[in-house]
1. Exactly one of these conditions fails for A:LYS480: (1) part of a helix (DSSP H, G or I); (2) within 30 Å of A:TYR374 (Cβ to Cβ); (3) basic (Lys, Arg). Give me its number.
2. Considering region A:189-248 alone, what residues qualify as being at pLDDT 90 or above and among the β-branched types (Val, Ile, Thr)?
3. I'm trying to understand the selection: among the residues of region A:157-181, which are in contact with a helix residue (DSSP H, G or I) (Cβ under 8 Å, 6 or more places away or on another chain) and among the small types (Gly, Ala, Ser)?
4. Exactly one of (1) surrounded by 19 or more Cβ atoms within 10 Å (Cβ to Cβ); (2) of a type outside the set (Val, Ile, Thr); (3) under 22 Å from the mean Cα position of the chain (by Cα) is unmet by A:ALA355. Its number?
5. Criterion first (more than 35 Å from the chain's Cα centre (by Cα) and among the aromatic types (Phe, Trp, Tyr)) does A:TYR61 satisfy it?
6. Take region A:447-470 and flag every residue that is small (Gly, Ala, Ser) and either at positive phi or at pLDDT 90 or above (or both).
7. Which condition breaks for A:ASP500 when tested against (1) within 11 Å of RNA strand B (Cβ to nearest atom); (2) under 25 Å from A:SER155 (Cα atoms); (3) in contact (Cβ under 8 Å) with a residue 40 or more places away in the chain?
Amino acid sequence: MTKIENFIIDLVKSSAEKISSGAFPEEVSGVYLEIPKEKKFGDFSTNIAMRLTKALRKPPYELAGTIVDEINKTGKEALLESGIEGIRIEKPGFINFYISHRVAIDTLSGIIEEGLKYGRLSLGKGKKVQVEFVSANPTGPLTVAHGRQAAVGDSLARILEFCGYEVVREYYLNDEGVQMGILGESVKSRYLESIGDKKDFPENGYKGGYIYDIAGEIRDLHKGSAAIEDNFFVEYAYKWLMKKIEKDLEDFGVAFDVWYSQKKLSKSGKIEKAFDILRKKGFLYEKDGATWFKSTEFGDDKDRVVIKNDGTLTYLSPDIAYHKEKFEKGYSRIINIWGPDHHGYIKRIKAACQALGFDKDALFILISQLVTLYRDKKPVRMSTREGDFITLRQVMDEVGKDATRFFFMMRRTDSHLDFDLELAKSKTMENPVFYIQYAHARISSIVKFSDGAKVDLKNLHLLDKDEERDIIKELMRFPKIIESSERNLEPHVLLSYLQDLAGLFHSYYNSHRIVTDDKILTAARLAMAGAVRTALYNGLTLLGVSAPEKM
RNA sequence: GUCCCUGUAGCUCAGAUGGAUAGAGCAUUUGCCUUCUAAGCAAAGGGUCGGCUGUUCGAAUCAGCCCAGGGACGCCA
């Protein structure tokens, strides 16, 4: 929020309070300023008069008039001094503010001075948040679906950090249990097959080609010995896959702070402790030889088994203990990013958190919806069961890290995503990644080209063109956009913003020369272009997309 | 059957806490490279915002009910 915005908000607020007999009506939570799309409606606009109509029982237009009269008591000169050049009331009751050129320039000057810090917020100061994402089982390479979760989770983490939060990125590692056993059996079966000892492939076995690769390595290592312990297959496959997963994530620009092992959790006794609490509170009961959790008490459709009748735990059990631990660590927000297949699982885990006495609203579970890859306008079929799926690695190799990350966030996280491989690959204007990167590269090259012209904040007032004012206003939106993506836990609003900003710059670039013989004007325009570059750079970095100096 | 997501221009989609004549890109038509990257810019056409009812000063946005498409609903993880 810039100085002038704060000033206007305070002004409006105090005036509105006065005319509503001292106090602000409760249902009107605050004063919002927006930047109108239409230039004729000024630089800032507030809808406060409309929102007060109900409480004050007066038509909005009339109220707007009273508010403005109140504001005008401040005195014309004092207003002008603060940068407000004009106030106008528009049709239903909008109050529109027109700011002076001087204030616009001052604002730009402030943005330039902030440099790379521009857009950083302090709303998360002193608060810790955790983002748990990907958490793919180590039974196969990361898929496209995991890729989307990785992109969204990491970008959210970056955005939260930018907002001042301390962020912990965590990967929950399912390194024990049934599926690890199946992994071992699958590899063993392929191994035996490879040394000519045909064996039936396990029913739920992993059929992907990578199982052959692992088996092949083991054969090379053990020269075809038939006497290998079962456990060896599991261990070997696990390590092999983890190495792959870590490398994929690294190349995708994602780094985790914590790899949380389920195996260690199970051994720690924490699951039993969680059960004890639930049992004491009466949320566990026995039926049909199994132990059930009364999740229906908290709005779930049915109760859930936590200990099966064979004595083993269901997936929910360690997860309850895991979430208990998350809450105990004192995060102000706990964010989980899950795949669409987990959506029915939200109610029961929230129920468990509530049952344990935690505030379920501190737990944010985002569902990253399906990704469908398209090639030549046709969907690429995938079936995990047959082991026939497209990996994150394949997509990254084909279209590059930048486009992959960008495309995964082109739509809201909880919306289905169609990923057009040809488009992502194309180096044309249809491709939004290149459009934005190109703007950044263009500015970078001008800055280099004009070596010698110094950035001079004193002559920014020369930036009096309409297009320049538009760019300054767009730059002013950047912190609002950051705030919005933080509040909604949604990186994708940032993409649209960057496209808009890049568009404004491309347009400006074509209509006005930045580098001219006029050294002073050149310096001013370069300074503004530099501010655009900074916003683009910060935005792209938050998305984990590189901002190239040249293309 | 229950739950989640989606339905906006010919196509792919934006639309931030409900706001002022609903916006981009592609495609179509037409202009702009002797000058900072034409991977770009400018202009034009194109819409019952799936439908109906309601809440509101005001609805693409919120609520209810329909219609259509995608997905999830295990003592799997």
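The values are calculated or read from the model by the stated rules, or taken from the named source; none is laboratory data. Everything numeric here is computed off the predicted structure, so don't read it as measured data. With ideal geometry, Cβ positions are generated from the backbone for all residues, glycine too; neighbour counts draw on all protein chains shown.
1. (2)
2. A:ILE211, A:ILE214, A:ILE218, A:VAL234, A:ILE245
3. Within region A:157-181, A:GLY177, A:GLY181 qualify.
4. It fails just one condition, (3).
5. Yes, satisfied.
6. A:GLY452
7. For A:ASP500, the failing item is (3).
Conditions (1) surrounded by fewer than 21 Cβ atoms within 10 Å (Cβ to Cβ); (2) touching a strand residue (DSSP E or B) at 6+ places or on another chain (Cβ under 9 Å), marked per residue:
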| residue | (1), (2) |
| --- | --- |
| A:LEU142 | no, yes |
| A:TYR191 | no, no |
| A:GLY196 | yes, no |
| A:GLY224 | yes, no |
| A:TYR238 | yes, no |
| A:LYS243 | yes, no |
